[in-house]
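Below: one structure, written as structure tokens.
What follows draws every value from the coordinates through simple rules; no lab data is involved. None of these values were measured; they are calculated from a predicted model. As a convention, Cβ positions derive from the backbone with ideal geometry for all residues, glycine included, and neighbour counts pool all protein chains shown.
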Amino acid sequence: MHKKLPSKKDHLEFRQLDKKGLVIGTIIATFLATTPYLFTLYESVPSTKVWNTFLFTYDSKVWEDANLVFWIFSSKAIPLFLLIIWFFTNRHWWYHALLVPIIMYIYQIFVLFSDDQNNLDEFQFIYMLPLMAIVIPSIYLIRARIFNRINEANKSFEELEEELKLTPKNFWSKLKDYF
């Protein structure tokens, strides 16, 4: 049998996918490189109770210092941002475990801007139980499946991890796979 040579159309499609991946990778790398700057954006917020901008007005209520609130926000949002990037670009079998800290940071940001701000960072473990009840057994079952395959087929861990890696998809189809 003769191997079919790639057509000009196949070559053009591959180059388009390659360019798209390069653009997305460049955007992600730029965001990663700017995270130290993004963290210091809170310094532009005044140390007043009410912060007026041309876009919105923010009242810091209990905190009485908008600068402090945005410093706390940036210390939660930057790690959340990095974890989300890690979650969507990770191809390892254990990536679902990243959902736990992602949900934790989302909850903490929600509490920061809620009316009842007395319990910031007193994370209520009870709110994480439903998520952990799904994620932890799933990870254990994946791990058990991997070790069963290792014992049955005498494959190395690297070979099995390569088997489990998914082909790259676009953002929306990958998001649909998760939910």
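Among PHE70, PHE88, a tally of other beta-carbon atoms within 10 Å of each Cβ gives an order, fewest to most, of PHE88, PHE70.
Panel order for TYR42, TYR140, by other beta carbons found within 10 Å of each beta carbon, from fewest to most: TYR140, TYR42.
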